[in-house]
Structures are given as structure tokens and as C-alpha cells.
Amino acid sequence: MYALLRRKRYQNVILRPMSARARLRQKAALRKILRFGFQLLQVILVPVMMGLFFYSFFGLDLVTVDREMALEGQVTKCDVNRQHFNWYLNNDESVRYDLWSFEPADSATRHLITADSLDFILATGDSSGYTYYNTLAYYLQKGARVRKEANSPYMVVEQDHRITRWQYRP
């Protein structure tokens, strides 16, 4: 009989709902797990997000084309960031090219750019930045082919069945 009562007593303990003390321990453990999870997320996610922000904001994927660099390809996309044109070549969107350091190299190109700029000024009425229109980055369009040899200050651009020549000016 004692064994039967003892068995019933243990059965009641198992079937009884959790005590208040056990519930508090369970809540405290859950809070610790959540706090650790948020800290882990903070340690991993915050640096990744900051890295992506700095990468896009400061243009770490931006390549400034200079005299030593060789370049050849077709312009496929333009990215305008604060009135600054950056160009993508050959459908490669991992690298943006900065072509603002190139100006017309000869009088024929200069005359062509001046005529195009004047047409633009007459069409839009904006004459505030004439020299702004006198750079390769502004002149380029999608579909243009660019070619520059290494250690050469000149870049050749074929656009709209016209060939223009541009010179690197640091």
C-alpha cells in the first residue's frame, strides 16, 4: 500500500502544472537566449551593414581611369550620383569607371563637343556650366565603344558613327 501511495504521489507531481518558481526560471532562460541572440546578431549584422554602406557611399568600387590604365569595351550603363557620371563597361556591374579627367584632345573633337554643347544649351536654356559639358564623362552615351592603351594619355571613343579623341588631364 505504501508503494501504491508513493506511485500516486509521483504521478501527481508529474501531472501537476509547473510551479511559479519553475516558470520564472524558464522565463529567465528564455530572456538570456534572446539577449544572446540579439547580441550575436548585433555583432554580425551591424559590421556587415556598415561595410555595405561605406562601400556604396564612398564609391570603393569606383575605378578612376588614369594614364597608366588600359581600357577597352562598350559602355552599357550609366550611374549618376550627385551629378557625377560613372560608367559601366561590357555589362560588368561590379566596377564603375570615372572618366571625368578626359578632355577633348584635338580641335576636331573640341569643335564637335562645342557644337553639341551649344545645341544642348539652346535646347534646355541652361548655360551655367559650359565647361562641365566639355568632359568625356558627360559626353559618353550608352553603346559607345571606348579604347585606351596602357601608358597613353589618349582615349578613342566611337559613338554615333563618330570617332572622337580625348586626352587625360589630371
Expressed in square angstrom to the nearest 10, the accessible area of Met155 with a 1.4 Å probe stands at 0
Give a residue-ordered list of calculated ³J(HN,Hα) values for region 36-46 (Karplus: 6.51 cos²θ - 1.76 cosθ + 1.60, θ = phi - 60°; whole Hz; x for Gly, Pro). 5, x, 5, 5, 5, 4, 5, 5, 8, 6, 4
Which length gain, in nm to one decimal place, applies between Gln39 and Val80 when the Cα-Cα distance is subtracted from 0.36 nm times their residue separation? 11.0 nm
Ordering Lys142, Lys77, Lys148 from largest to smallest accessible area (1.4 angstrom probe), what's the sequence? Lys142, Lys77, Lys148
Accessible area, 1.4 Å probe, largest first: how do Thr114, Thr109 sort? Thr114, Thr109
Give the long-range amide H neighbours of Thr64: residues separated by 5 or more places, or on another chain, with amide H under 5 Å away, using H modelled in the peptide plane at 1.01 Å from N. Asp98
Taking a probe of 1.4 angstrom, what is the accessible area of Val80 in Å², to the nearest 10? 80
Using alpha carbons only, what's the Rg to Rh ratio of region 25-93 with Rh from Kirkwood? 1.34
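The values are calculated or read from the model by the stated rules, or taken from the named source; none is laboratory data. Treat the numbers as computed from the prediction; the structure is a model and nothing was measured. All accessible areas refer to the heavy atoms of the entire protein, side chains included, with ligands and DNA or RNA removed. Shrake-Rupley method; radii C 1.70, N 1.55, O 1.52, S 1.80 Å.
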